[in-house]
Amino acid sequence: MPFDQSSIIEVRPPTWDGSTLQLSWTSTAPAGTTFQVYVGRKLAWYGTSRWVALTMPTSRVRFDIGAVGSGEATVDFSPSLPHGPSDRVTLSWLGGSFLDPTGGDDVQGFRIFGPRKAGWAVDFSTPLVEISAYPGGVPIDGYGITGFGQGGFGRAASFYQWTSPALATGSWTFAVVPYDAAGNQGAPALQTAWIASPPRPPAAKPDGSRLRCDFDPTTRRATLTWNPSPA
């Protein structure tokens, strides 16, 4: 059977024990059922336990937990996972030596600039990252290396890509700027995307908890309180 989440009736809040992230769930599936856990849409674990210890992710990620059929433990079902709101931007562009701002052919790489917050203008003071045009110093464009492309004869374009860290909801504009060995920068290429990020969890209380329950024995009512989510 394909990856099935219908039997997962509860996923308890992840806990950190100082070395691993503890994740557990309740399922109506029979004992011995094989489960898979995907972290950021990548298969991270499989087994018959309903508890797993994972390496702490370096940023906000989505967890997907589901049951699979016999013999499917290692099958990658990531293409069939449900899509949640995307909180990252992936930039793709063509580049190469033809972008040298001085007219030569010594483009060294690309600087990516972005805003400090959603809706703000691009901050060109400090790049978010620098991407080498030729990793290891090996050219990946030019006559006899790639075909004819946007760079022109002998200066064909190569494909580059970069994915941002997790972003807050809003409009984000990024700039890709080529630079040469002397530090001269070319014209920026701008890309704008709208991010619909999942809501952040409530801010932690001084004791580390995120939810408080107060029970009134007279009225037999429970009152839940929590802090606003951090900005």
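The values are calculated or read from the model by the stated rules, or taken from the named source; none is laboratory data. Just so you know, these numbers come straight off a predicted model, no measurement behind them. Methodologically, a virtual Cβ is constructed for each residue, glycine included, from the backbone with ideal geometry; neighbour enumeration extends over all protein chains shown. These area figures cover heavy atoms from the full protein model, side chains too; ligands, DNA and RNA do not enter into them. Shrake-Rupley method; radii C 1.70, N 1.55, O 1.52, S 1.80 Å.
Remarks
- Amide hydrogen proximity for Lys205: with H placed 1.01 Å from N in the peptide plane, the residues at 5 or more positions away or on another chain lying under 5 Å are Arg210.
- Packing-based ranking of 42-53, 218-229, 57-68, 116-127 yields 57-68, 42-53, 116-127, 218-229, ordered from highest to lowest mean Cβ neighbour count within 10 Å.
- In this rough spin-label picture, where each label sits 7 Å from Cα along the Cβ direction, the Met56-Leu128 distance is 2.4 nm.
- Under the simplified labelling scheme, the Ser92-Leu190 pair shows an inter-label distance of 2.3 nm, with each label point 7 Å from Cα along Cα→Cβ.
- Spin-label model, Asp106 to Lys205: label points 7 Å out along the Cα-to-beta-carbon direction sit 6.3 nm apart.
- Relative intensity, log₁₀ I(q)/I(0), of region 13-77 from a Debye sum that treats every alpha carbon as a point, q = 0.26, 0.27 Å⁻¹: -1.22, -1.28
- Accessible-area ranking of Trp93, Trp194, largest first, probe 1.4 Å: Trp194, Trp93
- Calculated log₁₀ intensity ratio I(q)/I(0) where the Debye formula runs over C-alpha points of region 152-219, q = 0.25, 0.29 Å⁻¹: -1.21, -1.28
- Calculated FRET value between Phe77 and Ala222, using beta carbons and R₀ = 45 Å, to 0.05: 0.70
- From phi via Karplus (6.51, -1.76, 1.60), per-residue ³J(HN,Hα) for region 35-44 in Hz, x at Gly/Pro: 10, 10, 10, 10, 10, x, 6, 10, 5, 10
- Residues in region 112-123 carry Karplus couplings, in order, of 10, 10, x, x, 7, 9, 4, x, 7, 6, 5, 8 Hz; the curve used is 6.51 cos²θ - 1.76 cosθ + 1.60 with θ = phi - 60°, and Gly or Pro positions show x.
- Long-range amide H partners of Val61 with built H, under 5 Å: none
- Computed over the alpha carbons of region 1-111, Rg followed by Dmax gives 20.3, 68 Å.
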